[in-house]
Every structure is written in C-alpha cells, then in structure tokens.
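The values are calculated or read from the model by the stated rules, or taken from the named source; none is laboratory data. Fair warning: this is a prediction, and the values are worked out from it, not measured in the lab. Cβ sites come from the backbone with ideal geometry, for glycine too, and all protein chains shown count toward neighbours. In case anyone asks, the SASA skips ligands and DNA or RNA and just uses the protein heavy atoms, side chains included. Shrake-Rupley method; radii C 1.70, N 1.55, O 1.52, S 1.80 Å.
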Amino acid sequence: MNRNVLTSVFDQIVVSGTMFGLNLLLISAADPGAYGQFILIYSLTLLAFGAQNALVLVPVNVLLPGRSTRRQMATLRMLSTVDLAVVGSAALLVALLARAFGLSWVLCFSAFFLAVTSSWRELARAVCLTRQQPRKLLEVDCSAMAGAVISVAALWQWLEPQTAVLVGLSIGNAVAALMFSPPFFRDPQRIRRSILRYQGYWKKSRWALLGAALTEGQLRLHVFILQLAKGSAALGLVQAGRVLVNPISMIAFAWIRAIRPTIAHHIHARDHQSAMRTIITGTSVLMMFGIVYLIALWLALPHIRLYLSAIQAPAFENLLMLWSLFAIINLPSLCFSVYLQATHRYRDLTACAAASVLASSLLMASLFFDVDLTWAIVALMVGEVVMIAGLIAAIRRDFVRTTQAAGDLHA
C-alpha cells in the first residue's frame, strides 16, 4: 500500500507540476480574459470527469478489489463499455455549454476533444491504481504530460495561447491512451447489454452521480457565476490565485485515488475502524503538507510576482489569502468523502453536497451585485464548512450502526 501511495503522489507531482507550469505560462503570456476562457473550458471538462468518476471510476475502484479474476474481468468489460456512453454524452454537453457561454467554435471543439481524451486517460489511471500497477500509472501520466508539453510548444506560434494549451493537453492524453493504457476489454457492439447489466449498480451510482454533480457544482460554481456576473477578466484574476495553491488539492487527489482500493478492502472485510484510521491519518499528513507549502508560497510570493504580470493587481494578495484558507479547509471534506464512497453511502454524500451547494450558492448570488471578488471564495469556504459538518455526522451514524450490528452478532 505504501509503495502505491508514494508512487501515486510522485505521479501527481509530475501531473500537477506540468499543469502548474502550463497555467503559469498562460498567466504570464495571455491577458486575464484569455486565461479566464481557459479556466472556463477546463472547469467544464472537469464536470465531465465528475460524471465519469461517479458512474465508472468509483465502481472500478470499489467493485474490483477482493473479487475473483474472472469476475473482475467481466465487471471491467461492462464498466469500460458503459464508459463510452457516459463520456460521449458528457463531452457533447461540455461543448454545448461552452458555446452557451459565448465561446468560439474553435474553443468548443477543443473542449469536446479534451473531455474525450481526458476520459481515456482517467480510465487507464483508475485501472492501474485498482490493479496496483504503479509503473504503468507513471507510464500513462508521464507520456501524457510529455506529449502535452511538446504539443503546446509546437502549436504556440500557430494558435492563441488558451487554444494551444487545450489542444496540446488533448494530444498528450491521446498519446498516453494509445501507447500505454492497460486493456479495458470494452465492446462497443455490446453497449446496450452492458448498460442493462449496469442497472443493478445504478441504484447506488445514481446517488453518486447526483453527489458528483453537486460536489463539482460546489467546486466550480464560482467559475460559471464569475463568468456570467463579472466576465472572463475577473475570472482569470480570481483563478490565478487558486492556481498557486492547487498543488495542495492535487496531492490530496493523488492520495485519495491510491488509497480508495485499500479503504474498499477494509470495508469489504468489515474493518470500518481501520478504514477510518487510515483516512484520519492521511488527512492529518495532507494538512501538514498544505501548511508547509503555503508558508513556502508566501515567502516566495514577492519573487513570483516579478514574473507574473497578471497578478500585480492590488486585490490579489487578499484573494490568495482566502484561497490559502480554502485549500486547508477543503482537505477534510475531500478525504472523509472516501469513506462514504467505499461504504456506498452515496445518498448521505449527496445530502452533504446539496447542503454545501445551497449554502455557497446563496452567498455567491451576491456577485451579480456590486460586491468584492473575494466574496466568491468566502462563499466557497462557507460551503466547505457545511460539507465537513455533514460528513462527520454521516460517518458517526455509520459507526453507531456498525457497532450495534457487531454487538448483536456477538450476542
């Protein structure tokens, strides 16, 4: 387990470092409006990932561990075939939403292909992590990032900066999926039969899908509201601050993806205490990492601002301070959610996300009036506090229930 976690963290460092560099390149080379367009499209593609994660990737992580090889193969064939329908629908929706926000057709097509190719790579990553193949995971992600960097460099003189990065990321994903992806055994001709087989799991995953929609809404809602209320330039300025703290959440996502199969093993063995102990330990380590990273970031900020003209605005330090607080507050909700996913408590997870979205969206609606941009981040932090409170309450109820069931069994 430790090797897989460390490999996943290193892998995420490669991915996050590359994305961090590409974002900084855009912030320095493009105006805030162009960077805002990139953020809008990237956020839309993350909505597509949220749907794939809820309907396909989480089932891959929690249904395959502990099963026989034959059953694993059959389940993976079914899920990877269903993934074709999920991704096709989500990618088309992403392109239509991009157009609805008034973006050019070139950017809309870029959004579609980024959503599709990202899904290929994410499915490959999920299979590698579930099968505990850290070397394969590194091959997939390193080839994707190398392909993206080379493609962006080649396209930089021919396309607008935001388009060059979007197309470059798509090319990198496609290269990784074609050259290093593990076999999925998907069968497009049996897609209808696979969807029918999936219906047995739909009763659980439908709550995961709604929960993912609400969670992504809570994380990305400010992007869409800022775009509508303040425009791309304001969105670019606000998100420039988030880019600098993003490595914290990226490391957290790496830990979550690596540890999810282990948590599923504990739950399958009815060892809920070990599952929760692992989550609490991981959350504590991640929060310590986050604090150390933020101290280093603030010490280096005067030097960073010399090279990034887009963050010279007087309000930027206030935005960055709030993003720093948000990055730490966000960690417990990310980690505690894994427990509810592993125990198939999607309904409780959805209820927590709904309360969080309601709280943050009510506050965020004020952006349509004459309020400071920092209000968007404050609204997100309020939503995170509500989310954490709901998750703790749901986990506590689960422990009471499992303890009582164990007492009845021994009695």
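Go through region 316-328 residue by residue and turn each phi into a ³J(HN,Hα) via Karplus (6.51, -1.76, 1.60, θ = phi - 60°); whole Hz please, and just put x for glycine and proline.
Per-residue couplings from phi come out as 5, 5, 5, 5, 5, 4, 5, 5, 5, 5, 4, 4, 6 Hz.
Given the options F399, F316, F326, which has the most mean-square fluctuation in a GNM of the chain, springs set between C-alpha atoms less than 10 angstrom apart?
F399
Using all Cα-Cα distances in region 193-341, what percent lands in each 10 angstrom bin from 0 up to the longest?
9, 30, 30, 19, 9, 2
Under a 1.4 angstrom probe, counting protein chains only, how are K203, K136 ranked by accessible area, largest first?
These residues rank, largest area first, as K203, K136.
What does the net charge come to around I263 if you take all other residues with beta carbon closer than 12 Å to its beta carbon, with K and R at +1 and D and E at -1?
The answer is +2.
Helix 232-268 versus the longest principal axis of the chain: what is the Cα-based angle in degrees, 0 to 90, to the nearest 10?
The angle comes out near 10 degrees.
In whole Hz, with x marking every Gly and Pro, tabulate ³J(HN,Hα) for region 123-139 from phi via Karplus 6.51 cos²θ - 1.76 cosθ + 1.60, θ = phi - 60°.
5, 4, 5, 4, 5, 4, 5, 5, 7, 6, 10, x, 5, 5, 4, 5, 4
So between L92 and M288, what do we pick up on full extension, going 0.36 nm a residue minus the alpha carbon distance?
Going from the current span to full extension adds 66.6 nm.
Which value, in Å to one decimal place, does the Kirkwood hydrodynamic radius take for the chain when every pair of different Cα atoms is included?
Answer for the chain: a Kirkwood hydrodynamic radius of 21.9 Å.
Can you show me the helix-derived [θ] at 222 nm for the chain, built from DSSP H runs with n ≥ 4 at -39,500 (n - 2.57) apiece and divided by the number of residues, rounded to the nearest 500.
Value at 222 nm, helices only: -30500 deg cm²/dmol.
Between region 68-93 and region 279-302, what is the C-alpha centre distance in whole Å?
Value for the Cα centre distance between the two parts: 36 Å.
From the P(r) of region 138-248, could you give the percentage of C-alpha pairs in the tail past 16 Å?
More than 16 Å apart: 77 percent of the Cα pairs in region 138-248.
Counting only Cα atoms, I'd like the Rg/Rh figure for region 1-153, Kirkwood definition for Rh.
Rg divided by Rh gives 1.01.
Looking at the chain as a GNM with Cα springs under 10 Å, which of L299, L63, L244 has the largest mean-square fluctuation?
For the chain, modelled as a Gaussian network with Cα springs under 10 Å, the answer is L299.
Going highest first, how would you order 175-186, 37-48, 142-153 by mean Cβ packing within 10 Å?
Highest to lowest by the protection proxy: 37-48, 142-153, 175-186.
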